[in-house]
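Here's the structure, in structure tokens; my notes come after.
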Amino acid sequence: MTIARLREEVVILGSIGTPHRATLTGASRNLGKCGGVSPRVEVHLDRSQGVKRKISAMLILAIRAASSDLVQAVTTALITIVVLFAIVVIAGFTILVRRRRRRPAVPTTNTEGDSAVDGDLATRANILLVRLDDAVTQADDDLGFAIAQFGEDRTRDFAEALVTARRDRTESFRLKQRLDDSEADTTTQQREWNARIIHLCESSQQELVAEAAAFDALRRRETDAPTELAAVRMLVVATSMRVPTTEAALSALGIRYSPAAIATVSGNVTAARGLLTAAGQGAESALARLADPLATDVADRVQEARVTATRAVRLLDAVDSFSASLAEQSDRLASLTTQSQADLAEARSAWDAAPDPESGAAIGAAVSALESVLGSLVSGEPAASLGLLETAVAELDSTLATARNQAQRLEHASTALVGVLVSVRSQIAATQDFIASRRGGVGADARTRLAEAQRLLEVAEAQSDPVAALDTARSSATYSRDADALARFDDRR
């Protein structure tokens, strides 16, 4: 029963009880007049009281019904809220679990793995740097032949690619030098520099390979393979005729200098003979293939024979240039020996007039070292003797710097610079010839030191201050000697 329905019944009952209340009122008035109570009045009173009790009972039932409905509604609402809350919690938990399953696991730090990756990156950079250096040398030779055969207009793109490759090679060697120097580099710097070297070497080598392939295809399309073959055969014959002369020059070097002094070129003549034999055989093989109208590898055979003959030419040229370098170093050694005697006289005077015991001791030690070097010089090893003497002279110059005035320092530095530059140029040229004749046999470390020596030589030649230029030139000499030693070590492995 609803509250509205109960209200309607109460109104009806109220309307029923109204006449009773009126009858009761009228009867009361009559009773007052008569002085007694009529039975009808009592009946009406009983009925009125019964109606009131019914009304009270109905009100109580209505209130109870209303309360029951309210409790039921509140209970239903609470249950609904709890169910909805439970559904939301379960749905949120399910979504969270799924996201955690989909989220990738956080990688743990693997120091050993990172070190292995960094080592592989450095190894790859070194290998690519060697390949690029050899590719640039080979491309230089290829470009010369391409210009002779096709002209400069048709080889302009090849020349531009070679210029770019040289620039990338220079930058790569500088980065390699920064990786190898004594300054500490962060792991990030090492990775970035090695990655840069790899990028430069790969891009430049790919460009050179593409240009070389284009000219190879062009050569194959040409019909003058017999003419090119004839040029290669003439090159083999002409180079073979140089062998006896170069061999005699090498023998003369062996008489004048020690075996250690000429070790760089001592095997060049023998190696050149072997290369010329291989080039001659390759040329004859190409000539035999020319008779076959279906042959498609004639140009490749001719190219291979030409490259082999060119390597032989480089080996013989290296002997001639090394002989000239040894002569220059011998002259420089004699000149520096004379100059060192004068420096010793100056140093002894400064030693006697030293302002304090520490300065005197330093000058005395430098004098003793220079005297010891002068007494142990070997004319048959000009390069080694010159290196020892230059080191001793540099130490003496350092101790005498405070005793000399500015004009004397500049004059002495200018005089010493001339000789050091001669020595450095000779050493660099000899090392270049050695590496060029071995190609892939020399690793990245030796080539990097040589590139740094070349860079420092260019800096020294451009500096206007003779004192600074002398220091730079001496640094270049150190790098060139290191490059030569590393190149020989690589060749022996």
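FYI, it's all coordinate maths here, none of it is from the lab. Here the structure is a predicted model, which means the values were calculated and not measured. Cβ: placed from backbone, ideal geometry, glycine included. Neighbour counts: every protein chain shown.
Things worth noting here:
- For segment 136-244, averaging the sequence separation of C-alpha pairs within contact (under 8 Å, six or more residues apart) and dividing by the residue count gives a relative contact order of 30 percent.
- Whether segment 321-492 is rounded, prolate or oblate, judged on the alpha carbon gyration tensor where a/c under 1.5 counts as rounded: prolate
- Relative contact order [Cα under 8 Å, 6+ residues apart], segment 321-492, whole percent: 24 percent
- Per-selection Rg to Rh, segment 117-221 - Cα, Kirkwood hydrodynamic radius: 1.10
- Radius of gyration, Dmax [segment 153-272; alpha carbons; angstrom]: 22.0, 58
- Exposure proxy ranking for Tyr479, Tyr257, based on other Cβ atoms within 10 angstrom of each Cβ and starting from the fewest, stands as Tyr257, Tyr479.
- Relative packing of peptides 283-291, 485-493 - highest average C-beta neighbours within 10 Å first: 283-291, 485-493
- Ranked Arg178, Arg332, Arg242, criterion: other C-beta atoms within 10 Å, fewest first: Arg178, Arg242, Arg332
- Take each peptide in 433-440, 337-344, count the other Cβ atoms within 10 Å of every residue, and average; sorted highest first, the result is 433-440, 337-344.
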